[in-house]
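Enquirer: Dumping the structure here so I can ask a few things about it.
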Amino acid sequence: MAQKYLNFTVSESEGEQSLPILDGTLGPSAVDVQPLYNKHGLFTFDPGFRATASTKSAITFIDGDAGILLHRGYPIEELAEHSHFTEVAYLLMFGELPDAAELAKFEASLNMHNLLHEQVLSFYRGFRRDAHPMAVMVGVVGALSAFYHDVMDIQNPADRVHAAIRLIAKMPMIAAASYTYSIGRPQRYPLGKLDYSSNFLQMMFGRPTDEYQVDPVLGRAFDVILMLHADHEQNASTSTVRMAASSGANPFACIAAGIASLWGPAHGGANEAVLKMLTEIGSVENIPRAIARAKDKNDSYRLMGFGHRVYRNFDPRSRVIQAQAKKVLAHIGKDDPLLEVAVRLEEIALKDDYFVERKLYPNVDFYSGILLRAMGFPTNMFTAVFALGRTAGWVSHWLELQQESHGIDRPRQLYVGKTLRHYPTAPVRRTASK
Ligand code: CMC
């Protein structure tokens, strides 16, 4: 296909200029703006990266208007129905679904690396026992770089895959221990006979003194949660991982940076915030007040779990997670009054002009808190669960970046500070403000 160009005029003297347009396989094309600075001394200005493709990537595709999410081409709904988390992790990392032998080998490697060095477990004692699990996870994952730095050569593809496997493998015990430490319960170890998700659940909820049987419905629901959170293209935490990695930093340190970014309430922390919001609303009669507050420009209150930077339609993950929440509640025979509040809130918001005009729909976090609560998770573990699933995506992007590195990421800025001035030779005297 013939190369396309964006033509524009910078000034009359320079005449018409052109920038190459790059086509991907799906989604909007991108204008290659690199010549703008090299030829014309101009930067592009796009705070928040709303219109910027920061990299090429072949891992995940999102069509936010149509509500489509594909991993390596496969729709998330199909993966959530037919696949399981370790298979999706393999797909994200290597680009194709594994055959039976490849999957068995991959899962055996995960099992081989799923323990934490006992010294790492001793780190937990340095944290306050009421520390937020995400604070603990940032610290502990970052600290792993002290264990696996000299033993890995970032230039060696096999070493890189090894580091990625270590990260996915160790994350369940890291997350579970951030909870068991807070309640003072000795940490259980992973069991070779269990799958990835069941292992996390037994380490999270089991007592070391007793057998712990993982309920298969809950085990599957948790596996679906991990699949739904596994990757989401260049979101804030993934972009953070990629930017940290662009300097050649240790992969464990890069993933710790991703966990830090995920923690915020506008990103992974929203699942925790949704439950707080639903609890505050409390009952269906209070919904109109919450909606009115969310619409009030003088109130910073937002409907948590609503809206998305990319989706201007239903987040496809929200439908899958809502179905899982209903299934789990029916299975355990528990009514959660917050589910009723959530369902009514969604119905009311989706008919309200404010939300309709702005294309604000429920995102993945809207129902995930209800599901996790039904499974027995304390609210402060919700974002840690998100981090557990997202590690598969983070390491896949880390691997992709190493293969196609374009050097260190170094954004520029539109400077709006003082122009040049000189250091005063006489003492500075300020007149006191009245
Ligand atoms: N409640 C009320 N108003 C909202 C909301 C909301 N949840 N989200 C956006 N708006 C309004 C916003 O006030 C603005 O209105 P106006 O045009 O009148 O100024 C308009 O919608 C556009 O908002 P925006 O802030 O430009 O949208 P954004 O793309 O920058 O933000 C978002 C996306 C997810 C940060 C935002 O929708 C939000 O804060 N949602 C609640 C937090 C949340 O659920 N986050 C989880 C995201 S999904 C999980 C993940 O991938 O991490």
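The values are calculated or read from the model by the stated rules, or taken from the named source; none is laboratory data. Everything quoted here is computed from the prediction, not taken from an experiment. Methodologically, a virtual Cβ is constructed for each residue, glycine included, from the backbone with ideal geometry; neighbour enumeration extends over all protein chains shown.
Enquirer: Looking at (1) under 30 Å from Ala325 (Cβ atoms); (2) away from the ligand (no atom under 16 Å from the Cβ), can you tell me which one Ile154 breaks?
Expert: Evaluating Ile154 over (1) under 30 Å from Ala325 (Cβ atoms); (2) away from the ligand (no atom under 16 Å from the Cβ) leaves (1) as the failure.
Enquirer: Has the range 348-358 got at least one residue that is under 18 Å from the mean Cα position of the chain (by Cα) and hydroxyl-bearing (Ser, Thr, Tyr)?
Expert: Scanning the range 348-358 turns up no residue that is under 18 Å from the mean Cα position of the chain (by Cα) and hydroxyl-bearing (Ser, Thr, Tyr).
Enquirer: Quick one: in the range 277-300, which of the residues that are surrounded by 14 or more Cβ atoms within 10 Å (Cβ to Cβ) and within 12 Å of the ligand (Cβ to nearest atom) is nearest to Ala374 (Cα to Cα)?
Expert: Going through the qualifying residues, I end up with Met277.
Let's see how each residue does on (1) without any contact (Cβ under 8 Å) to a residue 60 or more places away in the chain; (2) assigned to a helix (DSSP H, G or I); (3) buried (at least 23 other Cβ atoms within 10 Å of the Cβ):
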{"position": "Met243", "(1), (2), (3)": "no, yes, no"}
{"position": "Cys254", "(1), (2), (3)": "no, yes, yes"}
{"position": "Gly268", "(1), (2), (3)": "no, no, yes"}
{"position": "Asn313", "(1), (2), (3)": "no, no, no"}
{"position": "Val343", "(1), (2), (3)": "yes, yes, no"}
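Enquirer: For the range 301-324, enumerate the residues that are modelled with pLDDT of 90 or more, of a type in the set (A, V, I, L, M, F, W, C) and more than 9 Å from the ligand (Cβ to nearest atom).
Expert: Result: Val320, Ile321, Ala323.
Enquirer: Restricting attention to the range 398-407, does a residue exist that is within 16 Å of the ligand (Cβ to nearest atom), at pLDDT 95 or above, surrounded by 23 or more Cβ atoms within 10 Å (Cβ to Cβ) and within 19 Å of the chain's Cα centre (by Cα)?
Expert: No, every residue in the range 398-407 fails to be within 16 Å of the ligand (Cβ to nearest atom), at pLDDT 95 or above, surrounded by 23 or more Cβ atoms within 10 Å (Cβ to Cβ) and within 19 Å of the chain's Cα centre (by Cα).
Enquirer: Can I ask one more? Please give the strands (runs of 3 or more DSSP E) falling wholly within the range 5-121 in which 2 or more residues are modelled with pLDDT of 95 or more and buried (at least 16 other Cβ atoms within 10 Å of the Cβ).
Expert: Once the strands (runs of 3 or more DSSP E) in the range 5-121 are filtered for at least 2 residues that are modelled with pLDDT of 95 or more and buried (at least 16 other Cβ atoms within 10 Å of the Cβ), what remains is 60-63, 68-71.
Enquirer: State whether the residues of the range 367-376 include one that is away from the ligand (no atom under 15 Å from the Cβ), at negative phi and in a helix (DSSP H, G or I).
Expert: Looking through the range 367-376, at least one residue is away from the ligand (no atom under 15 Å from the Cβ), at negative phi and in a helix (DSSP H, G or I).
Enquirer: Another question, if that's okay. Do you know which residues across the range 234-277 are touching a Lys or Arg at 6+ places or on another chain (Cβ under 8 Å), of a type in the set (A, V, I, L, M) and at pLDDT 95 or above?
Expert: Residue satisfying the conditions is Leu262 alone.
Listed here are the residues, each with its yes/no results for (1) in contact with a Ser or Thr (Cβ under 9 Å, 6 or more places away or on another chain); (2) away from the ligand (no atom under 16 Å from the Cβ); (3) aliphatic (A, V, I, L, M).
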{"residue": "Phe45", "(1), (2), (3)": "no, yes, no"}
{"residue": "Glu78", "(1), (2), (3)": "no, yes, no"}
{"residue": "Glu81", "(1), (2), (3)": "no, yes, no"}
{"residue": "Met93", "(1), (2), (3)": "yes, yes, yes"}
{"residue": "Ala104", "(1), (2), (3)": "no, yes, yes"}
{"residue": "Leu116", "(1), (2), (3)": "no, yes, yes"}
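Enquirer: Let me ask another. If Val141 satisfies every condition in (1) crowded, with 19+ Cβ neighbours inside 10 Å; (2) without any contact (Cβ under 8 Å) to a residue 40 or more places away in the chain; (3) touching a Lys or Arg at 6+ places or on another chain (Cβ under 9 Å) but one, which is the exception?
Expert: The failed condition is (2).
Conditions (1) touching a residue at least 40 places away in the same chain (Cβ under 8 Å); (2) buried (at least 24 other Cβ atoms within 10 Å of the Cβ); (3) over 23 Å from Lys334 (Cα atoms), marked per residue:
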residue: Glu346; (1), (2), (3): no, no, no
residue: Lys351; (1), (2), (3): no, no, yes
residue: Tyr354; (1), (2), (3): yes, no, yes
residue: Leu360; (1), (2), (3): yes, no, yes
residue: Val364; (1), (2), (3): yes, yes, no
residue: Met375; (1), (2), (3): yes, no, no
residue: Asn380; (1), (2), (3): yes, no, no
residue: Thr383; (1), (2), (3): yes, yes, yes
residue: Ala387; (1), (2), (3): yes, yes, yes
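Enquirer: Looking at the range 412-430, is at least one residue closer than 29 Å to His132 by Cβ, away from the ligand (no atom under 16 Å from the Cβ) and either touching a residue at least 12 places away in the same chain (Cβ under 8 Å) or in contact with a helix residue (DSSP H, G or I) (Cβ under 9 Å, 6 or more places away or on another chain) (or both)?
Expert: No; the residues of the range 412-430 include none that is closer than 29 Å to His132 by Cβ, away from the ligand (no atom under 16 Å from the Cβ) and either touching a residue at least 12 places away in the same chain (Cβ under 8 Å) or in contact with a helix residue (DSSP H, G or I) (Cβ under 9 Å, 6 or more places away or on another chain) (or both).
Enquirer: Find all pairs meeting these conditions: Cβ atoms under 6 angstrom apart; at least six residues apart or on different chains; first residue within the range 126-138 and surrounded by fewer than 17 Cβ atoms within 10 Å (Cβ to Cβ); second residue at pLDDT 95 or above.
Expert: none
Enquirer: Among (1) on the phi < 0 side of the Ramachandran plot; (2) touching a helix residue (DSSP H, G or I) at 6+ places or on another chain (Cβ under 6 Å), which single condition is Gly305 missing?
Expert: For Gly305, the exception is condition (1).
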